[in-house]
Amino acid sequence: MAALDKSMMIGVIGAGAMGAGIAQVAAQSGHLVKLYDNRADAAKETIASIEKQLKRLVERKKFTLEQVQQTVANLQVANELADFEHAGLVIEAIVENRDVKQAVFAELESICSAQCILATNTSSISITRLAAGMKHPERMVGMHFFNPAPIMKLVEVVSGLVTSKEIATTVFDTAAAWGKVPVYAASTPGFIVNRVARPFYAESLRLKQEQVADCATLDALMREAGGFRMGAFELTDLIGQDVNYAVTCSVFDAYYGDFRFQPSLIQKDLVDAGYLGRKSGEGFYSYKEGAVKPEPHSVPPSHHPAPSCVAMGNLDALSALVMRLSGSGITVDQDPSSLLNVLKIGDATVVLTDGRMASERANSESLENLVLVDLALDYQKTTHLALSRAHNTPDDVFQQVVDAFFAVGIKVSEVADSPALVVMRTVAMLANEAADAVLNGVSSVEGVDNAMRYGVNYPLGPLAWADRIGIDRVQQVLNALQTSYGEDRYRTSLLLKRLSDQGRGFYENK
Ligand code: NAI
């Protein structure tokens, strides 16, 4: 099945934030688009505003004037739903209310031809439920764009129980022809992105609640070590604490109160206080006039020369750090036959977190002066790392590690001794949720990874990231989190466990 022919008219219902963006995308791709909104003049005003925005992009040389004129010529106001009689696809982007949406689709069925595809941009309503009662429920499909639709590449193509495979394929191919990255998803709560992204917020919220570090430090670590565009606190302030909290609550309720999705009390408190983020002037940060964004905490260097190091045994991911240390003139002796698998920096014993807390690991493995290193997206490039230490690692020994990392351009934030530090904990939980989405047939491995890369700009898909960390290590981290907290929230996905037992990764056989 191929994409819809460019000669086919596309109907868009709802001229708000999403409808406007979707109409623009379809018009830019060469379709005639009719835009309907039940608010008087809304569609007309939206088209005028699209034209204005596109003309600004001509000034910035992103579009030619001809392209803009063509796009605008493709956009027409629909005065009533009857104008969609000859549409090949109608995409609904109106208020998020099932009854209102169902009334619109019932009317569309009496207007459009039996071949017309009916799509909804809903973020949270079941496609199966929306289609129920329709004359042709098999032609109802989710076409979930991300905001702003002209910029965000992802489109989740969501199938309900009775959506026809051919319809989903046509919509998938059409989204691809429009320059998007489509992924197939089954209609389950949160679809892919709004489900798999939950731990990104939840783990940072919990780290803050447990006073592992402050918001600015946690955000900086997620950006500078994790490679995410924003940390959870700045991002939820941008999204709106009320909006983000409502999505979490809706996913939590839809999964019958599964503790993996448990909402955060500190976020509820913000919502209760009216601290909704940027839009209200206060959230986790203040946006009031004159407010200064707090600086992340990092440990200052001592200005003593960096100590010498010994790489003992197999250091896996940390070998990139060893190369950085030796590349910048620090003496690093090699002891490859050692069974310890630790990096000695001065008197400190430095290892990558396996999820256990530092004191716990120091006790059980009799490791002296233990310092744990958090995950970084790229140890060769990172400018920031979280470290934690066992209770009996003294300040001067910890300082030696800080000095060595400072010498290679890495700031160190010391965080409280807590399971799996910051980035490792978050990425392991993202991978776990992503694995569960695959296990439950919500999407494929590539589909989930693409969804997270193109819907929320993650630097790597969580499953590709899990492969890079090593499935065994991710499982160890999750097991350690579950043992430490004793909570079902951290239970390992069966798929991760299965792959670990089979010695395989998500993408390839190891
Ligand atoms: P919006 O409030 O900006 O726009 C909705 C538009 O629909 C308004 O112009 C309203 O007048 C119109 N409308 C309401 N009822 C109507 C009806 N019965 N017939 C015709 N027009 C009607 O809302 P937004 O943000 O554009 O969201 C639209 C849909 O897209 C919702 O289902 C939402 O869940 C979904 N969505 C929203 C995203 C976002 O970030 N805002 C992202 C992805 C999906």
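The values are calculated or read from the model by the stated rules, or taken from the named source; none is laboratory data. All of these numbers come straight from a predicted model, not from anything done at the bench. Here the Cβ is made from the backbone with ideal geometry for all residues, glycine too, and neighbour counts use every protein chain on show. In case anyone asks, the SASA skips ligands and DNA or RNA and just uses the protein heavy atoms, side chains included. Shrake-Rupley method; radii C 1.70, N 1.55, O 1.52, S 1.80 Å.
Okay, here's what the table says:
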{"item": "Subset of segment 146-179 (residues that are within 16 Å of the ligand (Cβ to nearest atom), open to solvent by 20 Å² or more (accessible area, probe 1.4 Å) and of a type in the set (D, E, K, R))", "result": "Lys153"}
{"item": "Filter pass, Leu463 being in contact (Cβ under 8 Å) with a residue 24 or more places away in the chain and more than 22 Å from Ala317 (Cβ to Cβ)", "result": "no"}
{"item": "Selected residue (only one of Thr353, Thr383 is on the phi < 0 side of the Ramachandran plot and exposed (fewer than 15 other Cβ atoms within 10 Å of the Cβ))", "result": "Thr383"}
{"item": "Any chance Pro189 is more than 16 Å from the ligand (Cβ to nearest atom) and either at pLDDT 95 or above or crowded, with 19+ Cβ neighbours inside 10 Å (or both)", "result": "no"}
{"item": "Selected residue [in a helix (DSSP H, G or I), among the hydrophobic types (A, V, I, L, M, F, W, C) and over 18 Å from the mean Cα position of the chain (by Cα)] from Leu463, Leu478", "result": "Leu478"}
{"item": "Neighbours by Cβ (under 7 Å, 6+ apart or cross-chain): first from segment 18-36, modelled with pLDDT under 95; second hydroxyl-bearing (Ser, Thr, Tyr) and more than 15 Å from the ligand (Cβ to nearest atom)", "result": "none"}
{"item": "Residues of segment 284-342 satisfying the condition of being among the β-branched types (Val, Ile, Thr), open to solvent by 70 Å² or more (accessible area, probe 1.4 Å) and in contact (Cβ under 8 Å) with a residue 12 or more places away in the chain", "result": "Thr331"}
{"item": "Residue list for segment 126-145, restricted to those being open to solvent by 20 Å² or more (accessible area, probe 1.4 Å) and either within 13 Å of the ligand (Cβ to nearest atom) or touching a residue at least 60 places away in the same chain (Cβ under 8 Å) (or both)", "result": "Ser126"}
{"item": "All positions within segment 5-61 that are more than 8 Å from the ligand (Cβ to nearest atom) and in a loop (DSSP other than H, G, I, E, B)", "result": "Asp5, Lys6, Ser7, Met8, Ser29, Gly30, His31, Leu32, Ala40, Asp41, Arg60, Lys61"}
{"item": "Residues within segment 81-96 that are open to solvent by 60 Å² or more (accessible area, probe 1.4 Å) and either within 10 Å of the ligand (Cβ to nearest atom) or hydroxyl-bearing (Ser, Thr, Tyr) (or both), tallied", "result": "2"}
{"item": "Matching entry among Asp449, Asp472 (being surrounded by fewer than 20 Cβ atoms within 10 Å (Cβ to Cβ) and in a helix (DSSP H, G or I))", "result": "Asp472"}
{"item": "Breaking point among (1) in a loop (DSSP other than H, G, I, E, B); (2) open to solvent by 50 Å² or more (accessible area, probe 1.4 Å); (3) of a type in the set (A, V, I, L, M); (4) within 16 Å of the ligand (Cβ to nearest atom), for Ala2", "result": "(4)"}
{"item": "Residues being assigned to a loop (DSSP other than H, G, I, E, B) and touching a helix residue (DSSP H, G or I) at 6+ places or on another chain (Cβ under 9 Å) - total across segment 481-493", "result": "4"}
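One line per residue, one yes/no per condition, for (1) under 33 Å from the mean Cα position of the chain (by Cα); (2) at pLDDT below 95; (3) among the basic types (Lys, Arg):
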{"residue": "Ile50", "(1), (2), (3)": "yes, no, no"}
{"residue": "Thr71", "(1), (2), (3)": "yes, no, no"}
{"residue": "Ala78", "(1), (2), (3)": "no, no, no"}
{"residue": "Ile91", "(1), (2), (3)": "yes, no, no"}
{"residue": "Lys101", "(1), (2), (3)": "yes, no, yes"}
{"residue": "Ala106", "(1), (2), (3)": "no, no, no"}
{"residue": "Ala119", "(1), (2), (3)": "yes, no, no"}
{"residue": "Met134", "(1), (2), (3)": "no, no, no"}
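For every residue, the table says whether it meets (1) part of a helix (DSSP H, G or I); (2) in the same structural domain as Ser204 (by TED's automatic domain parsing); (3) free of Cβ contacts under 8 Å to residues at least 60 places away in the same chain; (4) open to solvent by 50 Å² or more (accessible area, probe 1.4 Å).
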| position | (1), (2), (3), (4) |
| --- | --- |
| Leu218 | yes, yes, no, no |
| Met222 | yes, yes, no, no |
| Phe228 | no, yes, no, no |
| Phe233 | yes, yes, yes, no |
| Val271 | yes, yes, yes, no |
